[in-house]
Amino acid sequence: MSVKFLPYNEPEVGEDEVRAVSEAILSRWITRGALTAQFEQALAARLGVSEVVALSSCTAGLHLGLLASGIGPGDEVITTPLTFAASVNAIIHAGAHPVLADIDPDTGNLSPALVERVVTPKTRAVMVVHYGGHAADMAAFNDLRDRRGLTIIEDAAHALASRIGDRWVGTDGNLTAFSFYATKNLTTGEGGALVVPDSVDAERIRVLGLHGMSRNAWNRYQNGGHWRYDVEMPGFKYNMTDVDAAMGLVQLDKLDAMQERRARLAARYRERLQGLPLVLPVERTGYGHAWHLYSVRLDVQATGDIRDQVIEDLTIAGIGTSVHFIPISHHSYYRRQFGWKPGDFPVADAFFAAQISLPLYPSMTMEDVDRVADTLGQSLRRRG
Ligand SMILES: *Cc1c(COP(=O)(O)O)cnc(C)c1O
């Protein structure tokens, strides 16, 4: 008997995206141009911010955000061990020294109190990651920023539609990077964007993200454009393309509907997983979860260390899963380079050891959720 495979993630794309991308290609303007500018404006309008720079990835946004803040060699940047490599790699590529602080056990987000303990005279910035789509405690981080004169860079790869009170993540006056990678809540295949607060020059970030050239191809190759340009600094090749932006504009129109669907699926998971030896994702009072991940943890007191076996059972039953994240302190490069090891960040280590990300994306049905919940329940009963 063959079981139907339920993937862990599937982008919500179809004919509308095909049409928009086709039109962009057939316009014969296929890299950064009018559609990218339009996407930047549409995203800025949705968030209620004045400047968004569209880029090739969130990683590019984190890197440019650090550079535009003047962070480099000799500076320390504090971040979380419970994140994707990109967060720490951006700090390293900026030439700065990454410092880790442990997480809050309920949300998986960087703990403001533990960050405060590792601040030194060399600390210049904190890179806050909004884990899974639940915003970090930005009131505490912004307070730390103001008291200590630090820069906050927000890795909002999971948090395009996350809210704190009635405000979207990305509107707190910090450089905030979003991801439009294939698995994220809004996708352009590959892509990202950086929210640039009024205190930072967005034009400088656009220049830094496109070879450091004072005039980009759009200005140069348009009718009436001029051939002369100047390289002001050795920049990077981090721009979004109009083909990506065409898809992004369609996705942005669908974002509210996609988010509503994610929230309904998450509510169904909560209902169906109730009573199992699991720690279900929290939504702190006053926060709006973006449900990028449906991240559960085994109650290991009750189940023992059976996370890997449970994943195996789900795999055999045709259910895709993922784990977010293998802590930064477990990977060979960072261990070698910075001396971290498993055990250094006990809250993140325990979170990781018990964690499973269940399938969650708009095209899933309620029956898909029930199937995952039933299979997970069977596995826990059998293994427990
Ligand atoms: C996906 C992800 C990134 C990287 O996003 P890209 O757009 O692929 O560069 C960074 N941080 C976190 C937490 C992510 O999940």
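The values are calculated or read from the model by the stated rules, or taken from the named source; none is laboratory data. Since the structure is predicted, the reported quantities are computational estimates derived from the model, not experimental observations. Note that each Cβ is placed from the backbone with ideal geometry, even for glycine, and that neighbours are counted across all protein chains shown. Ligands, DNA and RNA are excluded from the accessible area calculation, which covers all protein heavy atoms including side chains. Shrake-Rupley method; radii C 1.70, N 1.55, O 1.52, S 1.80 Å.
Observations
- A Cβ distance below 6 Å, combined with a sequence gap of six or more or placement on separate chains, defines the contacts here; from region 174-192, residues that are over 19 Å from LYS237 (Cβ atoms) and of a type outside the set (A, V, I, L, M, F, W, C) reach residues that are near the ligand (Cβ under 10 Å from one of its atoms) and open to solvent by less than 30 Å² (accessible area, probe 1.4 Å) in the pairs THR176/ALA156; ASN185/HIS292; THR187/PHE180.
- Of the criteria (1) away from the ligand (no atom under 16 Å from the Cβ); (2) surrounded by 20 or more Cβ atoms within 10 Å (Cβ to Cβ); (3) of a type outside the set (A, V, I, L, M), which one THR83 fails: (1)
- Test: residue in region 3-13 that is acidic (Asp, Glu), away from the ligand (no atom under 16 Å from the Cβ) and farther than 30 Å from THR365 by Cβ: no
- Qualifying residue in region 47-55 (condition: within 18 Å of the chain's Cα centre (by Cα), surrounded by fewer than 24 Cβ atoms within 10 Å (Cβ to Cβ) and in a helix (DSSP H, G or I)): yes
- The residues in region 117-141 that are in contact with a strand residue (DSSP E or B) (Cβ under 8 Å, 6 or more places away or on another chain) and open to solvent by less than 20 Å² (accessible area, probe 1.4 Å) can be counted, and the count is 14.
- The residue that is farthest from the ligand (Cβ to nearest atom), counting only those in region 285-305 that are assigned to a loop (DSSP other than H, G, I, E, B) and open to solvent by 20 Å² or more (accessible area, probe 1.4 Å), is GLY304.
- Check on ALA90, open to solvent by less than 30 Å² (accessible area, probe 1.4 Å), within 16 Å of the ligand (Cβ to nearest atom) and in a helix (DSSP H, G or I): yes
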